[in-house]
Amino acid sequence: MSAASPGARQGPDGLLRCPWSLATTEYLAYHDEEWGRPVRDDRGIFERLCLEAFQSGLSWLTILRKREGFRRAFARFDIQAVASFGPGDVARLLGDPGIVRNRAKIEAAIGNARAALALPGGLAALVWSFAGGQERAPVTLADVPASTPGSKALAKELRRHGFSFTGPVTVYATLQACGAVDDHLASCYRRGAYAGQ
(Lines give C-alpha, C1' and ligand atoms only; values in the text may rest on other atoms or scores of the structure.)
Protein backbone atom coordinates (compact mmCIF):
# COMPACT_ATOMS: atom_id res chain seq x y z
CA MET A 1 0.00 0.00 0.00
CA SER A 2 1.51 3.34 -1.01
CA ALA A 3 1.08 6.72 0.65
CA ALA A 4 -0.77 7.84 -2.46
CA SER A 5 -3.46 5.20 -1.97
CA PRO A 6 -3.96 4.74 1.76
CA GLY A 7 -6.11 2.14 3.39
CA ALA A 8 -8.29 2.77 6.41
CA ARG A 9 -6.73 4.87 9.18
CA GLN A 10 -7.34 5.01 12.88
CA GLY A 11 -9.62 7.85 13.96
CA PRO A 12 -9.55 9.82 17.22
CA ASP A 13 -11.62 7.10 18.93
CA GLY A 14 -9.37 4.28 17.71
CA LEU A 15 -11.80 3.03 15.06
CA LEU A 16 -10.57 2.46 11.50
CA ARG A 17 -12.07 4.83 8.92
CA CYS A 18 -11.72 5.86 5.30
CA PRO A 19 -8.68 8.18 5.40
CA TRP A 20 -10.40 11.16 3.75
CA SER A 21 -12.69 11.42 6.77
CA LEU A 22 -9.83 12.34 9.09
CA ALA A 23 -8.93 15.60 7.33
CA THR A 24 -11.50 17.78 9.15
CA THR A 25 -14.19 17.48 11.81
CA GLU A 26 -16.81 18.16 9.11
CA TYR A 27 -15.56 15.24 7.03
CA LEU A 28 -15.47 13.01 10.11
CA ALA A 29 -19.09 13.74 10.99
CA TYR A 30 -20.20 13.37 7.36
CA HIS A 31 -18.38 10.04 7.04
CA ASP A 32 -19.65 8.61 10.32
CA GLU A 33 -23.23 9.85 10.23
CA GLU A 34 -24.24 10.23 6.62
CA TRP A 35 -22.02 9.08 3.74
CA GLY A 36 -23.24 5.72 2.52
CA ARG A 37 -26.40 5.74 4.67
CA PRO A 38 -29.34 4.79 2.44
CA VAL A 39 -31.45 7.72 1.25
CA ARG A 40 -34.63 6.51 -0.41
CA ASP A 41 -36.84 9.57 -0.74
CA ASP A 42 -37.00 11.86 -3.78
CA ARG A 43 -36.17 15.02 -1.82
CA GLY A 44 -33.12 13.46 -0.20
CA ILE A 45 -31.82 12.12 -3.50
CA PHE A 46 -32.49 15.47 -5.19
CA GLU A 47 -30.54 17.32 -2.51
CA ARG A 48 -27.52 15.07 -2.88
CA LEU A 49 -27.63 15.17 -6.67
CA CYS A 50 -27.75 18.99 -6.56
CA LEU A 51 -24.95 19.28 -4.01
CA GLU A 52 -22.74 16.89 -5.95
CA ALA A 53 -23.34 18.98 -9.09
CA PHE A 54 -22.46 22.20 -7.23
CA GLN A 55 -19.31 20.51 -5.91
CA SER A 56 -17.98 19.88 -9.42
CA GLY A 57 -14.60 21.62 -9.62
CA LEU A 58 -14.63 22.52 -5.92
CA SER A 59 -13.78 20.90 -2.60
CA TRP A 60 -16.53 18.84 -0.99
CA LEU A 61 -15.65 20.70 2.22
CA THR A 62 -16.85 23.92 0.58
CA ILE A 63 -20.23 22.30 -0.06
CA LEU A 64 -20.49 20.82 3.44
CA ARG A 65 -19.79 24.20 4.99
CA LYS A 66 -22.45 25.85 2.81
CA ARG A 67 -25.03 23.08 3.03
CA GLU A 68 -27.40 24.91 5.37
CA GLY A 69 -27.17 27.91 3.06
CA PHE A 70 -28.08 25.68 0.11
CA ARG A 71 -31.01 24.24 2.05
CA ARG A 72 -32.38 27.70 2.85
CA ALA A 73 -31.82 28.98 -0.68
CA PHE A 74 -33.37 25.96 -2.39
CA ALA A 75 -36.47 25.55 -0.19
CA ARG A 76 -34.87 22.62 1.65
CA PHE A 77 -34.67 20.92 -1.77
CA ASP A 78 -38.43 20.51 -2.03
CA ILE A 79 -38.63 19.43 -5.67
CA GLN A 80 -42.00 21.05 -6.37
CA ALA A 81 -40.84 24.37 -4.88
CA VAL A 82 -37.53 24.42 -6.78
CA ALA A 83 -39.30 23.48 -10.03
CA SER A 84 -41.41 26.62 -9.66
CA PHE A 85 -38.38 28.94 -9.38
CA GLY A 86 -38.27 31.64 -12.04
CA PRO A 87 -35.90 34.40 -13.19
CA GLY A 88 -36.34 36.32 -9.93
CA ASP A 89 -35.23 33.29 -7.96
CA VAL A 90 -32.18 32.87 -10.20
CA ALA A 91 -31.25 36.51 -9.51
CA ARG A 92 -31.79 35.96 -5.76
CA LEU A 93 -29.61 32.86 -5.79
CA LEU A 94 -26.84 34.60 -7.75
CA GLY A 95 -26.70 37.18 -4.96
CA ASP A 96 -26.72 34.66 -2.09
CA PRO A 97 -23.28 34.34 -0.43
CA GLY A 98 -24.50 31.26 1.44
CA ILE A 99 -24.25 29.09 -1.69
CA VAL A 100 -21.95 28.59 -4.67
CA ARG A 101 -23.10 31.30 -7.07
CA ASN A 102 -22.75 29.70 -10.45
CA ARG A 103 -25.53 30.51 -12.93
CA ALA A 104 -25.22 27.28 -14.92
CA LYS A 105 -25.39 25.13 -11.78
CA ILE A 106 -28.29 27.13 -10.34
CA GLU A 107 -30.24 26.82 -13.58
CA ALA A 108 -29.39 23.11 -13.72
CA ALA A 109 -30.82 22.57 -10.22
CA ILE A 110 -34.07 24.25 -11.26
CA GLY A 111 -34.23 22.35 -14.53
CA ASN A 112 -33.43 19.10 -12.75
CA ALA A 113 -36.28 19.68 -10.31
CA ARG A 114 -38.64 20.04 -13.27
CA ALA A 115 -37.20 16.90 -14.86
CA ALA A 116 -37.55 15.00 -11.56
CA LEU A 117 -41.24 15.87 -11.36
CA ALA A 118 -41.74 14.29 -14.78
CA LEU A 119 -40.07 10.97 -13.92
CA PRO A 120 -42.70 8.21 -14.03
CA GLY A 121 -41.62 6.39 -10.86
CA GLY A 122 -39.82 9.23 -9.11
CA LEU A 123 -36.16 10.16 -8.75
CA ALA A 124 -35.35 7.80 -5.88
CA ALA A 125 -36.75 4.78 -7.72
CA LEU A 126 -34.67 5.62 -10.79
CA VAL A 127 -31.44 6.14 -8.83
CA TRP A 128 -31.91 2.97 -6.75
CA SER A 129 -32.55 0.92 -9.86
CA PHE A 130 -28.80 1.41 -10.51
CA ALA A 131 -27.70 0.43 -6.98
CA GLY A 132 -24.92 -2.01 -6.21
CA GLY A 133 -22.76 -3.63 -8.83
CA GLN A 134 -19.66 -3.96 -6.68
CA GLU A 135 -17.81 -7.24 -6.72
CA ARG A 136 -15.67 -6.56 -3.66
CA ALA A 137 -15.01 -3.89 -1.06
CA PRO A 138 -12.28 -1.36 -1.86
CA VAL A 139 -9.15 -1.89 0.23
CA THR A 140 -7.47 1.46 -0.50
CA LEU A 141 -8.65 4.76 -1.95
CA ALA A 142 -7.05 3.71 -5.24
CA ASP A 143 -9.69 0.95 -5.44
CA VAL A 144 -12.57 3.46 -5.36
CA PRO A 145 -13.58 4.37 -8.92
CA ALA A 146 -14.56 7.86 -10.06
CA SER A 147 -17.35 6.35 -12.13
CA THR A 148 -18.67 2.92 -13.06
CA PRO A 149 -20.64 1.38 -15.92
CA GLY A 150 -23.70 1.77 -13.69
CA SER A 151 -23.11 5.48 -13.08
CA LYS A 152 -22.53 5.99 -16.80
CA ALA A 153 -25.81 4.25 -17.57
CA LEU A 154 -27.67 6.27 -14.92
CA ALA A 155 -26.13 9.54 -16.18
CA LYS A 156 -27.32 8.66 -19.69
CA GLU A 157 -30.81 7.88 -18.40
CA LEU A 158 -30.95 11.16 -16.44
CA ARG A 159 -29.87 13.11 -19.54
CA ARG A 160 -32.55 11.33 -21.53
CA HIS A 161 -35.09 12.69 -19.05
CA GLY A 162 -33.75 16.25 -19.31
CA PHE A 163 -31.29 16.43 -16.41
CA SER A 164 -28.04 18.39 -16.70
CA PHE A 165 -24.82 18.60 -14.64
CA THR A 166 -25.30 14.89 -14.00
CA GLY A 167 -22.28 13.27 -15.63
CA PRO A 168 -21.01 9.82 -14.61
CA VAL A 169 -18.66 11.16 -11.89
CA THR A 170 -21.33 13.37 -10.30
CA VAL A 171 -23.82 10.52 -10.52
CA TYR A 172 -21.38 8.06 -8.95
CA ALA A 173 -20.70 10.46 -6.07
CA THR A 174 -24.47 10.68 -5.59
CA LEU A 175 -24.78 6.88 -5.53
CA GLN A 176 -22.05 6.76 -2.86
CA ALA A 177 -23.61 9.55 -0.80
CA CYS A 178 -27.05 7.92 -0.92
CA GLY A 179 -25.83 4.46 0.00
CA ALA A 180 -26.74 2.95 -3.34
CA VAL A 181 -23.14 1.72 -3.38
CA ASP A 182 -20.98 1.10 -0.30
CA ASP A 183 -17.53 2.54 -0.93
CA HIS A 184 -16.39 2.55 2.68
CA LEU A 185 -13.05 0.76 2.63
CA ALA A 186 -13.00 -2.93 3.56
CA SER A 187 -11.53 -2.30 7.02
CA CYS A 188 -13.52 0.88 7.75
CA TYR A 189 -15.83 0.41 10.71
CA ARG A 190 -18.76 1.81 8.66
CA ARG A 191 -18.38 -0.79 5.89
CA GLY A 192 -21.60 -2.76 5.64
CA ALA A 193 -23.19 -0.79 8.48
CA TYR A 194 -26.33 -0.15 6.45
CA ALA A 195 -26.69 -3.51 4.73
CA GLY A 196 -30.32 -4.39 4.28
CA GLN A 197 -31.61 -0.87 4.92
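The values are calculated or read from the model by the stated rules, or taken from the named source; none is laboratory data. This one's a predicted model, so the numbers in the text were calculated from it and none came from an experiment. Positions of Cβ are generated from backbone atoms using ideal geometry, with glycine treated the same way; all protein chains shown enter the neighbour counts.
Yes or no, residue by residue, for (1) at pLDDT 95 or above; (2) over 14 Å from Ala186 (Cα atoms):
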position: Ala4; (1), (2): no, yes
position: Leu16; (1), (2): yes, no
position: Leu28; (1), (2): yes, yes
position: Asp32; (1), (2): yes, yes
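Every residue in segment 64-74 that is closer than 15 Å to Leu49 by Cα and surrounded by fewer than 19 Cβ atoms within 10 Å (Cβ to Cβ), please.
Answer for segment 64-74, where residues must be closer than 15 Å to Leu49 by Cα and surrounded by fewer than 19 Cβ atoms within 10 Å (Cβ to Cβ): Leu64, Arg67, Arg71.
Can you tell me which residue within segment 24-33, out of those that are out of contact with any Pro (no Cβ under 9 Å at 6 or more places or on another chain) and in contact (Cβ under 8 Å) with a residue 12 or more places away in the chain, is farthest from Ala173 (Cα to Cα)?
Residue satisfying both the conditions and the ranking: Thr24.
For segment 135-168: of the residues being within 19 Å of Arg190 (Cα to Cα), exposed (fewer than 14 other Cβ atoms within 10 Å of the Cβ) and not basic (Lys, Arg), which is modelled with the highest pLDDT?
Ala142
Can you tell me which of Phe70, Phe85 is more than 17 Å from the chain's Cα centre (by Cα) and modelled with pLDDT of 95 or more?
Within the list Phe70, Phe85, the selection yields Phe85.
Which condition number in (1) of a type in the set (Gly, Ala, Ser); (2) farther than 19 Å from His184 by Cα; (3) touching a Cys at 6+ places or on another chain (Cβ under 7 Å) is the one that Ser84 fails?
Single failed check for Ser84: (3).
Working only within segment 130-156, note down all residues that are part of a loop (DSSP other than H, G, I, E, B) and either more than 17 Å from the chain's Cα centre (by Cα) or without any contact (Cβ under 8 Å) to a residue 12 or more places away in the chain (or both).
Residues satisfying the conditions are Gly133, Gln134, Glu135, Arg136, Ala137, Pro138, Val139, Thr140.
Restricting the search to segment 159-197, which residues are farther than 19 Å from Ala125 by Cβ and among the hydrophobic types (A, V, I, L, M, F, W, C)?
Within segment 159-197, Phe165, Val169, Ala173, Leu185, Ala186, Cys188, Ala193, Ala195 qualify.
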